[in-house]
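Following: one structure in structure tokens, then a few remarks.
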Amino acid sequence: MDNKDGKPEAITAKKSDNFSEWYVQALIKSKFVDYSAVSGMLVYRPECYFIWDCIKNVTDDLFKKNGIQDAYFPMLIPEKLFDRESEHVEGFAPEVAWVTEAGSSKLEERLAIRPTSETIIYDSYAKWIRSWRDLPLRLNQWCSVIRWEFKHPTPLLRTREFLWNEGHTVFATKEEADSERDIVLDIYGYVMKELLALPGIPGRKTDKEKFAGALASYSIELMMPDKWAIQGPDWHSDGQNFSKAFGIKFIDKEGKESYVYQNTFAITTRIIGALVAIHGDDRGLIIPPRVAMTQIVIVPIYTNNNRSEVMNHANGVYTSISGKFRTVLDDRDAYSPGWKFSEWELRGVPLRLEIGMKEVQDKTVRAVRRDDGTRLNIVAGELPQRVQELLGMIHSNLYDRARALMDSNTHAADSYDELKQTIKDGGFAQSPWCGSEQCEQKIKDDTGAKATNMPFNVQGSDGKKCVVCGSGAKYIVNFAKSY
């Protein structure tokens with residue numbers, strides 16, 4: 001229970017000692033998400049869903065500027081469609097939830113609740129695409145999906161229902177299709193850095209880890225505070241795998257019939273879980289300013305004798321900044337200032353402005369940064385400019401801290417002993433690899449780590465030997481334990 005004279009219910013676990021327990025407490029006690037009556041399915045409370053809205057709006061705007069349009073397709077997929085692409089079906093079969101009855105009647109055909117929408121979308125594409133004039137077709141939908149995970153659910157990181165975008169694009173040639181990769185990954189990278197203050201490592205997935213049914217998969221990987229990896233947004237080159245399964249063909253300019261080339265891509269609400277985990281501290285959430293539903297909270301500190309004077313100053317401060325920043329004036333009489341401080345810290349509001357009689361007399365406010373606790377006095381007349389500067393500094397500091405976490409725990413490991421030690425200590429082992437799935441599997445069997453991706457920004461493997469078998473290396477791969 002909350003104590004109105006003391007503090008809101010505090011997080012009892014330390015992030016550095018028991019990350020898993022800290023993470024769940026931070027999410028629930030801050031009223032960011034809540035459990036629902038269905039195991040593994042979450043309620044996204046307003047401050048969480050606001051972040052998703054920010055991600056969705058900015059990503060969608062960038063998609064549209066690059067020629068990707070929005071559409072929506074049914075969430076139920078007839079079994080006959082779902083079975084068309086065998087590799088794709090095999091990859092999702094254990095996680096599919098089925099609708100088998102309507103009212104008291106059994107359905108003649110089972111309907112899959114979409115774990116992903118390739119099959120239902122490509123049934124439409126096969127009807128719509130006839131000529132080269134119909135291409136490219138670049139559609140995206142924002143929706144939820146159901147994947148009936150049997151592993152231990154973790155809020156936002158591993159849930160049976162999550163929200164995402166599904167991009168499904170179609171081109172006449174492989175070259176056109178491949179040219180989309182960097183456009184989409186750059187959009188996702190921009191959203192991660194500029195909105196969420198999250199760094200990531202873009203690269204190609206190994207064949208073992210690629211999306212079911214894809215020719216090649218590319219991801220942006222993040223490092224969590226426990227030094228495990230978590231996959232962020234991804235993009236997949238599907239080649240002609242789905243077009244051949246679904247008969248998506250067109251007549252080209254020379255009158256020849258050809259199968260189209262396709263891509264798919266997504267960002268999910270898992271990225272919000274990564275944000276909470278990476279930026280938060282023992283007092284609770286720390287929300288980056290650009291996606292915080294409340295960017296600034298004003299807390300007046302008064303007694304019965306000076307309430308009017310303090311509130312006049314607080315209202316003036318609120319008026320001066322509320323049109324420019326998402327601001328709350330916390331004038332609740334039922335709660336003490338200390339209680340309010342703790343609550344807003346728990347909820348991760350980036351900047352707190354305190355106003356007491358001293359600030360009234362000096363025509364100032366006391367600003368407190370959530371990210372590092374820095375306190376400073378600001379002249380009331382300079383507030384809009386100074387607040388803008390402070391919010392920018394908070395965003396940059398959060399990004400730099402997350403970048404430092406990743407950089408300091410990513411190590412070149414050119415021998416198997418070095419790889420095993422890095423995985424034992426925690427972090428990314430950046431190792432040369434021959435390309436053999438047998439060697440990749442041995443690493444997983446011996447260490448519990450998997451290949452996260454083959455980073456774009458790492459120098460080549462020329463002259464290096466595979467850490468497992470010693471034969472010539474073809475790739476440099478990041479290996480890590482992963483969510």
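Since every read-out is calculated from the coordinates, none of them should be taken as a lab result. Everything numeric here is computed off the predicted structure, so don't read it as measured data. No Cβ is skipped: glycine too gets one built from the backbone with ideal geometry, and neighbour counts run over all protein chains shown.
If I model the range 19-279 as equal point scatterers sitting on the Cα atoms and use the Debye formula, what is log10 I(q)/I(0) at q = 0.09, 0.11 Å⁻¹?
-0.42, -0.63
What are the semi-axes of the equivalent ellipsoid of the range 144-257, taken as the square roots of 5 times the eigenvalues of the Cα gyration tensor, listed largest first and rounded to whole Å?
Ellipsoid half-lengths, sorted descending, are 31, 18, 13 Å.
How long, wide and thick is the chain, going by the Cα atoms along their three principal axes, in whole angstroms, largest first?
Sorted from largest, the Cα extents of the chain read 84, 57, 48 Å.
With +1 on each Lys and Arg Cβ and -1 on each Asp and Glu Cβ, how big is the dipole of the range 1-130 about its Cα centre, in debye rounded to the nearest 20?
380
With the dipole of the range 326-483 worked out from charges on the C-beta (+1 for Lys and Arg, -1 for Asp and Glu) around the Cα centre, which of 353, 472, 447 lies farthest toward the positive end?
Comparing the listed Cα positions along the dipole, 353 ranks first.
How far is helix 19-29 tilted off the main Cα axis of the chain, in degrees rounded to 10, range 0 to 90?
In the chain, helix 19-29 runs at an angle near 60 degrees to the longest axis.
Considering the range 294-388, what Rg and Dmax in Å follow from its alpha-carbon atoms?
Values for the range 294-388 (Cα only, Rg and Dmax): 12.1, 34 Å.
Between the range 23-86 and the range 158-179, what is the separation of their alpha carbon centroids in Å?
Spelled out, the Cα-based centre of one part sits 15 Å from the other.
What does the charge dipole of the chain about its Cα centre add up to, to the nearest 20 debye, if the Cβ of each Lys and Arg holds +1 and the Cβ of each Asp and Glu holds -1?
It works out to roughly 500 debye.
Taking the Cα centre of the range 346-481 as the origin, how large is its charge dipole in debye, to the nearest 20, when only Lys and Arg (+1) and Asp and Glu (-1) carry charge on their Cβ atoms?
Dipole magnitude for the range 346-481 comes out near 400 debye.
If you take the charge dipole of the chain about its Cα centre, with +1 on Lys and Arg Cβ and -1 on Asp and Glu Cβ, which of 274, 126, 68 is farthest toward its positive end?
Projecting each Cα onto the dipole axis, the largest value belongs to 274.
Modelled label-to-label distance, residue 322 and residue 107, 7 Å Cα→beta-carbon offset: nm?
Inter-label distance under the simple model: 4.9 nm.
Under a plain spin-label model, where a point goes 7 Å from the Cα along Cα-to-Cβ, how far apart in nm are residue 141 and residue 333?
Taking the two extended label points, one gets 5.3 nm.
Using the 2.2 N^0.38 Å rule of thumb for compact globular proteins, work out how the range 371-483 stacks up: its C-alpha Rg over that value, please.
Rounded to two decimals, the normalised Rg is 1.56.
Gap in Å between the Cα centre of the range 231-285 and the Cα centre of the range 186-214?
Between the Cα centres of the range 186-214 and the range 231-285 lies a distance of 10 Å.
Taking the Cα centroid of the range 361-426 and of the range 298-353, what is the distance between the two, rounded to the nearest whole Å?
That distance is 24 Å.
If R₀ is 45 angstrom, what is the calculated FRET efficiency for the pair residue 436 and residue 80, using the beta carbon separation as r and rounding to 0.05?
Working from the Cβ atoms, E equals 0.75.
Set Lys and Arg Cβ to +1 and Asp and Glu Cβ to -1, take the dipole of the range 163-204 about its Cα centre, and tell me which of 172, 197, 184 lies farthest positive.
The listed residue farthest towards the positive side: 197.
Let me know the Kirkwood hydrodynamic radius for the range 200-274, please, with Cα pairs as the basis and the value in Å to one decimal.
14.2
For the chain, take the longest principal axis of its alpha carbons; what is the angle in degrees between that and the long axis of helix 307-321, to the nearest 10 within 0 to 90?
So the inclination is approximately 40 degrees.
Identify the chymotrypsin sites (Phe, Trp or Tyr not before Pro) of the range 144-239 meeting these criteria: DSSP loop state and at most 16 other C-beta atoms within 10 Å of the C-beta.
148, 150
Can you give the three extents of the C-alpha atoms in the range 10-55 along their principal axes, from longest to shortest, in whole Å?
Result, largest extent first: 32, 26, 17 Å.
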